[in-house]
Amino acid sequence: MLSRADLQEWLRKSELSAKAARIADLAEPSLQMVTSPIPYATIPKGISRLGGQPELPAAISWPISKEKHLNFLGQLNLEKLSSYSCCKSLPQSGFLWFFCDCDALVAGDRDSWRIVHVEVGQDELHCPSLESDQEAESFQPCSFSFHECWSLPGGESILLQPLDLTQDDLETLEEMQQDLFDMESVPEGSHHQLMGHPRTIQSDMRLECQLGFHEYGDGYKHS
């Protein structure tokens, strides 16, 4: 991955040269995660992956909401990710597991999702068994390949407001993000990312998270 100084120099050679230093300061390292389907029977134990069944330590139960088990989205092996610079702010060991109710995920319903972190080694993991009437829908298991790359704020980011960019500037910035992916050999069509700036479609994700945390906005109860 480019150094921040090299990133700034690259930006100076672009159509946004006048704002190069400020955009470079806003850039954040990210980990682009490219998926490859893997058969259930050959899933290596303890890997970072999407889908399949969760591998949990004995002390952790499969999360439940509204009397049913949440859908398992994926897990991250934090020790394996600790070598990436963008992951230094994450716990450096253990696992993260992600669950949600894919049929009833609505704004303001904090019971419809869970993120679980436990300091545990992969030898202590097992796949919990559920009764047939308790089974949650599972997704095709996929392994990850990782590509560390700078991420630039998206056009919806409130961080860009002080730069007074035009619509053409914002479109150029989006194109430059793809150029950065190409430079780091990130396969086209990758839509999974850890850390860095959110790749939003509508509105700033960080602002949405703040509003959600404080239960303010559509779908939230007001005090």
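Where a number appears in this text, it was derived from the coordinates with a stated rule and is not lab data. Only a predicted model underlies this, so the values are computations on that prediction, with no experimental measurement involved. Counting neighbours? That spans all protein chains shown, and the Cβs are built from the backbone with ideal geometry, glycine included.
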Q. How big is the charge dipole of the chain about its Cα centre, in debye rounded to the nearest 20, if each Lys and Arg gets +1 on its Cβ and each Asp and Glu gets -1 on its Cβ?
A. 540 debye
Q.
Can you compute the FRET efficiency between residue 163 and residue 115 using 1/(1 + (r/R0)^6), with r the Cβ-Cβ distance and R0 = 35 Å? Round to the nearest 0.05.
A. 0.60
Q: Extending each Cα 7 Å along its Cβ direction at residue 127 and residue 102, get the distance between those two points in nm, one decimal.
A: 1.6 nm
Q. Suppose R0 equals 22 Å; then what is the FRET efficiency for residue 174 and residue 21 from their Cβ-Cβ distance, rounded to the nearest 0.05?
A. 0.65
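Can you compute the charge dipole magnitude of the range 6-121 about its Cα centre, using +1 on each Lys and Arg Cβ and -1 on each Asp and Glu Cβ, nothing else charged? Give it in debye, rounded to the nearest 20.
Dipole size: approximately 160 debye.
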**Q.** Positive dipole terminus of the range 31-133, leading residue within 51, 81, 122 (C-beta point charges)
**A.** 81
Q | Selection from 147, 36, 160, by position along the positive dipole direction of the chain (Cβ) | A | 147
(Q) Taking the Kirkwood radius as the inverse of the mean 1/r across Cα pairs, report the Rg/Rh of the chain. (A) 1.01
Q: Using only the Cα atoms of the range 39-140, each taken as one equal point scatterer with no solvent, compute I(q) by the Debye sum, divide by I(0), and report log10 of the ratio at q = 0.13, 0.17, 0.21 Å⁻¹.
A: -0.48, -0.81, -1.15
Q) Ordered by residue, what ³J(HN,Hα) values in Hz, to whole numbers, does the range 151-166 give under the Karplus form 6.51 cos²θ - 1.76 cosθ + 1.60, where θ = phi - 60° and Gly and Pro are x? A) 10, 9, x, x, x, 8, 6, 5, 5, 8, 4, x, 7, 6, 7, 7
Q) Quick one: if the Förster radius is 41 Å, what FRET efficiency do residue 58 and residue 209 give, using the C-beta to C-beta distance and rounding to 0.05? A) 0.80
Q) Which of the lysines could be linked to residue 45 by a straight reach, that is with a Cα gap under 24 Å, when you skip same-chain ones fewer than 8 residues away? A) 80, 88
Q: With springs only between Cα atoms under 10 Å apart, run a GNM on the chain and tell me which of 76, 159, 96 wobbles the most.
A: 159
